[in-house]
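S.K.: The following block contains the structure, expressed as structure tokens.
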Amino acid sequence: MRNHEKELRNCLHKIEQELFEEVIPFWEQRVRTDGGFGYTTCYDRKGGRTKDIRPGWFVGRTMYLFGALYNHIEDREEWFSLAEAGREAVNTKFCTAEGRFCRMMDAGGKVLEGPVSIFTDHFMVKGFYEYVLARKRRGQDWEREAEQAKLLTEILFENVKKQDILRQEGIPRGFQKHAVNFMTLLVALESRKLFGDTYRQVLDQCVYKSLYEFASDRYEKPFEYIRISGEPLTEGPGRVVDAGHTMESLWFSMKAGLEQEDKKILERAGTVLDWVIDSCYDQEFGGFYQNVDALCHTPQQEFQETDYAGNAVRWDDKIWWVQAEGLYTLAMSALYNENERHFEYFMREFEYVEKYFRDTQYGEWYSVLHRDNSMYMDAKGFELKGPYHVSRSLMNLYLLLKDCL
């Protein structure tokens, strides 16, 4: 988009500064444990530790981030070392004999929550990929690690079909959840770096489901829950539209479309993104809502709040990860679809997070704002927030804008 080169260069400059001088240093200095295992992620606004626990999500997520930085930005030894710390934790603590992963441990290695989260399994496997790729780039023994990653991938892709495992995530009976589908999509997509077309069928099926089943032409809405049959059911959880999850799935799908040189996938993702903007963007205060009701906007009572580490977050509050995923999705569609509307919203969202979420004094982003952008949670990390959504979004934007410019 040559007519927007000036704006994009300005964004790139700010992203580069924020990523490499604020966000990554914040986590580099804190995630490594002192003589322990895994990573610590619970910190207040100023970076003081608030809990000493080991979330399984962030073993996989942190291993992924620092592996990706090493593989795609610069081969810094510190980044590889941080990724390797995750692999060591997987080997010694988190992985079970069944090829699943514990969701939470304490600092001493006691299991607080066992293998109850299919999402933990997804994050571990995709984090494993980046670590193996880093070993390959270094010329280290990587084939054995790749064999282990492939075995874990096979186990994961079987487990996502098992209803008893999915029920542990609280998925209501009779429904399938979009988050499971798009995380499987992402693992299949990223597996290509190691295994080529081995899981192409899984990838294609997940892309189709994200773009044509969870996203309904009949309602012009993307649903978080649909029937097992693939049809919408606008009752209970079937009425939930989850902005962040949908936008994550859209950029995953667009990545697949780019790899396959399939313009139709990118265009369809752009169409669904318009539905998200129309349903979930706050035109008065800026930013994306957490979730809305597909039929009447304001969710039904049971879907008006979500628990974030003991904090009740309302449906119209602004959450860090939703904004981060929206930022990158809008940029991708704006640039690859040459979509002016999406470029306009990318700039609005970029200015929004710069003004309200970015903490230039202590680094990283705040967690949650009220709808009017007043502060609700200023923590930089807890069980659900760590070096992932913000840092991944900024890293992807940095690479995308550098490439396009």
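S.K.: Carbon-plus-sulfur fraction of the accessible area of the chain, 1.4 Å probe, in percent? Walk me through the numbers before you get to the answer.
M.R.: Details: 7020 of 16050 Å².
Whole-percent figure for carbon plus sulfur exposure: 44.
S.K.: One quarter of the convex hull surface, Cα atoms only: what value does that give for the stretch 73-138 in nm²?
M.R.: 5.0 nm²
S.K.: Would you compute, from DSSP H runs of 4+ residues alone, the mean residue ellipticity of the chain at 222 nm, taking -39500 (n - 2.57) per run and dividing by the full residue count, rounded to the nearest 500?
M.R.: My calculation for the chain gives -16500 deg cm²/dmol from helical runs alone.
S.K.: Bin width 5 Å, origin at 0, all Cα-Cα pairs of the stretch 315-364: what percent of pairs per bin?
M.R.: 5, 21, 26, 22, 15, 8, 3, 0
S.K.: Next question. Any chance you could run the full-extension gain for ASP197 through HIS370? It's 0.36 nm times the residue separation minus the Cα-Cα distance, nm to one decimal.
M.R.: Difference between extended and current length: 57.9 nm.
S.K.: Sticking with this structure for a sec: Principal axis lengths of the stretch 284-405 from Cα atoms, whole Å, largest first?
M.R.: 45, 38, 22
S.K.: Oh, and also: Once the cut-off is 14 Å, how many percent of the Cα-Cα pairs in the stretch 360-400 end up in the long-distance tail?
M.R.: Working: 461 of 820 pairs.
The proportion of pairs with Cα distances above 14 Å equals 56 percent.
S.K.: Return the Cα extents of the chain along principal axes one, two and three, sorted largest first, each rounded to a whole Å.
M.R.: Ordered largest first, the chain gives principal extents of 50, 47, 43 Å.
S.K.: Probe of 1.4 angstrom, ligands and nucleic acids ignored: what's the accessible area per residue over the chain, in square angstrom?
M.R.: 40 Å²
S.K.: Sticking with this structure for a sec: Please list, ordered by chain and number, the residues whose modelled amide H lies under 5 Å from the amide H of ASP317; skip anything fewer than 5 residues away on the same chain.
M.R.: Under 5 Å from the amide H of ASP317: GLN290.
S.K.: Please go through the residue pairs LYS162/LYS255; LYS110/LYS318; LYS110/LYS161; LYS126/LYS380; LYS51/LYS136; LYS6/LYS221 and name each one whose alpha carbons sit more than 31 Å apart in this structure.
M.R.: Among LYS162/LYS255; LYS110/LYS318; LYS110/LYS161; LYS126/LYS380; LYS51/LYS136; LYS6/LYS221, the Cα-Cα distance tops 31 Å for LYS110/LYS318; LYS51/LYS136; LYS6/LYS221.
S.K.: Over all alpha-carbon pairs in the stretch 181-308, figure out the percentage whose distance exceeds 18 Å.
M.R.: Roughly 53 percent, rounded to a whole number.
S.K.: Can you give the Kirkwood hydrodynamic radius of the stretch 202-254 from its Cα pairs, in Å with one decimal? Mind showing how you got there, number by number?
M.R.: On the way: mean 1/r = 0.0899 Å⁻¹.
Here the Kirkwood hydrodynamic radius works out to 11.1 Å.
The values are calculated or read from the model by the stated rules, or taken from the named source; none is laboratory data. Please read these numbers as outputs of a predicted model, since none were measured by experiment. Surface accessibility is based on the protein's heavy atoms, side chains included, excluding ligands, DNA and RNA. Shrake-Rupley method; radii C 1.70, N 1.55, O 1.52, S 1.80 Å.
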